[in-house]
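Trainee: Mind having a look at this structure? Questions to follow.
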Amino acid sequence: MKALKTLKLCLATAALACSVSAQAADYAVILKTLSNPFWVDMKAGVEKEAQELGVSVDIFASASEGDYQAQLQLFEDLINKDYKGIAFAPLSPANLVMPAAKAYRKGLYLVNLDEKIDTDNLRKAKGNVEAFITTDNVAVGGKAAQFIVEQLGKDGGEVAIIEGKAGNASGEARRRGATETFAKNSQIKLVASQPADWDRIKALDVATNVLSRNPNLKAFYAANDTMAMGVAQAVINAGKQGKILVVGTDGVPEAKKMVSEGKLTATVAQDPAAIGAKGLRLLVEAQKSGKQIPVENEPVVSTVDSILVTQ
């Protein structure tokens, strides 16, 4: 049996990036946050894969998904440690471009998780990543929308999308996938598509407003489960539970429980543990190859499939 390696975890704050011990692990992983079960599951996937591979890993996360500067400071701090490589999930396409380029130029191996970094600007800064591991988010949005279309049948009806944070690549991809699928079905009318910043309370407020303006609404698609749960509450508050479909994204435990209780119609579950595991595995393989990807080369792109979860 392989000896278990030490795993460290640290949260970055807005004021100060996390410090790490003098003796760093083999690899570092930067997640978006650990206040969302999606990222907790990804952390677990990384830990399990590290044990399988017999390597040590330090895992870090921002305090929240809006703490862009703290995540940048955290990455900057890790560049100066003795890691062989870093896997990271940027909070936005742009916020980690400069530290990633700096890390690449220093000879560190890099793997991009979930949220795609701005590769054009990364190359301009003389950097690159070995691989990009994610869920096909356009397909995720499309799968949710297709389920709604099938449930509404030939009569169709009015639908709405609750988007994530404006400019977020994953959220934009899900919105696009859903929008394109709705547009292909003439019986479906998209009456609203508004952001709620991945926040449950904001989603409750946005959905409440959408419902007041569109009393004939038949379905909501929310770009993550946190927002979907807020939307479900708005539907319940309006006395329309069971009359309006609410479909979320991610398959977090609370959302699955709400699906089983009939408060949420469905969720498109991602597999964050598999994303984290695959990311670490490709990072280790790249480092062991001893040859860093050239700036002009395209990174390996690997997607992890999603699953529709219904009652």
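No lab work stands behind these numbers, since they all come straight from the coordinates. Nothing here was measured: the structure is a model prediction, and the numbers come from that model. Glycine gets a Cβ as well: all are built from the backbone with ideal geometry, and neighbour counts include every protein chain shown.
Trainee: Which order do the peptides 223-229, 172-178 take when ranked by the mean count of other beta-carbon atoms within 10 Å per residue, highest first?
Mentor: 223-229, 172-178
Trainee: Measure nothing fancy, just the Cα-based angle from helix 200-213's long axis to the longest principal axis of the chain, in degrees from 0 to 90, nearest 10.
Mentor: 30 degrees
Trainee: Between residue 123 and residue 209, what is the spin-label point distance in nm, taking each point 7 Å from the Cα along the Cα→C-beta axis?
Mentor: Those two pseudo-labels are separated by 3.9 nm.
Trainee: Could you work out how much longer the chain between residue 190 and residue 254 gets when fully extended? Use 0.36 nm per residue separation minus the Cα distance between them, nm to one decimal.
Mentor: Working it through step by step, the gained length comes to 20.3 nm.
Trainee: Moving on to the next point. With Cβ to Cβ distances under 13 Å as the rule, what net charge do the other residues near residue 67 carry (K, R +1; D, E -1)?
Mentor: +1
Trainee: Can you tell me which of 27, 221, 83 moves the most in a GNM of the chain? Springs connect C-alpha atoms under 10 Å apart.
Mentor: In the Gaussian network model the winner is 83.
Trainee: Continuing with this model, one more query. Rounding to the nearest 20 debye, state how big the charge dipole of the chain is about its Cα centre with +1 on each Lys and Arg Cβ and -1 on each Asp and Glu Cβ.
Mentor: Taking the Cα centre of the chain as origin, the dipole is about 140 debye.
Trainee: Still on this model: Quick check: net charge around residue 226, other residues with Cβ under 11 Å of its Cβ, Lys/Arg +1 and Asp/Glu -1?
Mentor: -4
Trainee: I want to verify a result. In a Gaussian network model of the chain, Cα cutoff 10 Å, which of these has the top mean-square fluctuation: 162, 30, 201?
Mentor: 201
Trainee: Give, as a single signed number, the net charge of other residues whose beta carbon lies under 15 Å from the beta carbon of residue 153, with Lys and Arg counted +1 and Asp and Glu -1.
Mentor: +1
Trainee: Now for a different question. For the chain, set up a Gaussian network in which alpha carbons nearer than 10 Å are linked by springs, and say which option among 182, 60, 132 fluctuates the most.
Mentor: Top of the fluctuation ranking is 182.
Trainee: Relative to the longest principal axis of the C-alpha atoms of the chain, give the angle of the C-alpha long axis of helix 272-289, reported between 0 and 90° and rounded to the nearest 10°.
Mentor: 30 degrees
Trainee: Here's another thing I want to ask about it. Whose amide H sits under 5 Å from the amide H of residue 193, counting only residues 5 or more places off or on another chain, with H placed in the peptide plane?
Mentor: Distant-sequence amide H within range of residue 193: 161.
Trainee: What is the Cα centroid distance between the range 49-78 and the range 167-196, reported in whole angstrom?
Mentor: For the range 49-78 versus the range 167-196, the Cα centre distance is 31 Å.
Trainee: Kindly express, to the nearest 10 degrees and within the range 0 to 90, the angle between helix 137-152's C-alpha long axis and the longest C-alpha principal axis of the chain.
Mentor: So the inclination is approximately 20 degrees.
Trainee: For a protection proxy built on the mean count of beta-carbon atoms within 10 angstrom, sort 98-108, 289-299 highest first, please.
Mentor: 98-108, 289-299
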